[in-house]
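Okay, so here's the structure we're looking at.
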């Protein structure tokens, strides 16, 4: 999970650096050749894009520096943390919901991935299977019971050849 995020961010960084060094200077020079800069929309757009690209490069470098300090070996093996997939039982509706806790860049609620910084993820972090949690969310309070947990360690073990799918009990869940 961390490796794929780092690779994706590094790829975006390389693309933006290439754009900043090669494409944008060409666009700016082409716009300069058109004459009057006060009324030159192409020139203004190129400068705005250049500012955006420079800012995004700065953000990506900071994000990659943050990621380099994270180690999968520092994550707990029996409690909810980043990379965990948690099955929750909603105490009000009796419905099960599954979330994977991911970095902000990977969060997509439609895929069941939530940011580690979200209220639900913060409320779950550090909890174990069987724990009941009450979480304040923008629309009120939610009460859940943690009924299943797959940590990042379980997922990595499931990817190893000859394993049972990563569940501690051998069930593959």
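Each label was represented as a point 7 Å from its Cα along the Cα-to-Cβ direction; for residue 34 and residue 22 these points are 2.3 nm apart.
Placing R0 at 45 angstrom, the Cβ-Cβ distance between residue 78 and residue 51 gives a FRET efficiency of 0.45 after rounding to 0.05.
Is the shape of the range 2-70 best called rounded, prolate or oblate, per the rule: a/c under 1.5 gives rounded, else a/b larger than b/c gives prolate, else oblate, with a ≥ b ≥ c the square roots of the Cα gyration tensor eigenvalues?
prolate
Please label the shape of the chain as rounded, prolate or oblate, based on the square roots a ≥ b ≥ c of the eigenvalues of the alpha-carbon gyration tensor (a/c under 1.5 means rounded; beyond that, a/b larger than b/c means prolate, else oblate).
On the way: a/c = 3.71, a/b = 2.17, b/c = 1.71.
Prolate, because a/c is 1.5 or more and a/b exceeds b/c.
Axis of helix 2-18 versus longest Cα principal axis of the chain: the two differ by about 0°, to the nearest ten degrees.
Computed from Cα positions, the angle between helix 41-69 and the longest principal axis of the chain comes to roughly 30 degrees.
Packing-based ranking of 128-139, 110-121 yields 110-121, 128-139, ordered from highest to lowest mean Cβ neighbour count within 10 Å.
Per-residue extension of 0.36 nm, minus the Cα-Cα distance of residue 62 and residue 108, leaves a gain of 14.4 nm for this segment.
Values quoted throughout were computed directly from the atomic coordinates according to the rules given, and no laboratory measurement underlies them. All values reported here derive from a predicted model rather than from experimental measurement. Neighbour counts are summed over all protein chains in view; Cβ atoms, including those assigned to glycine, are modelled from backbone coordinates with ideal geometry.
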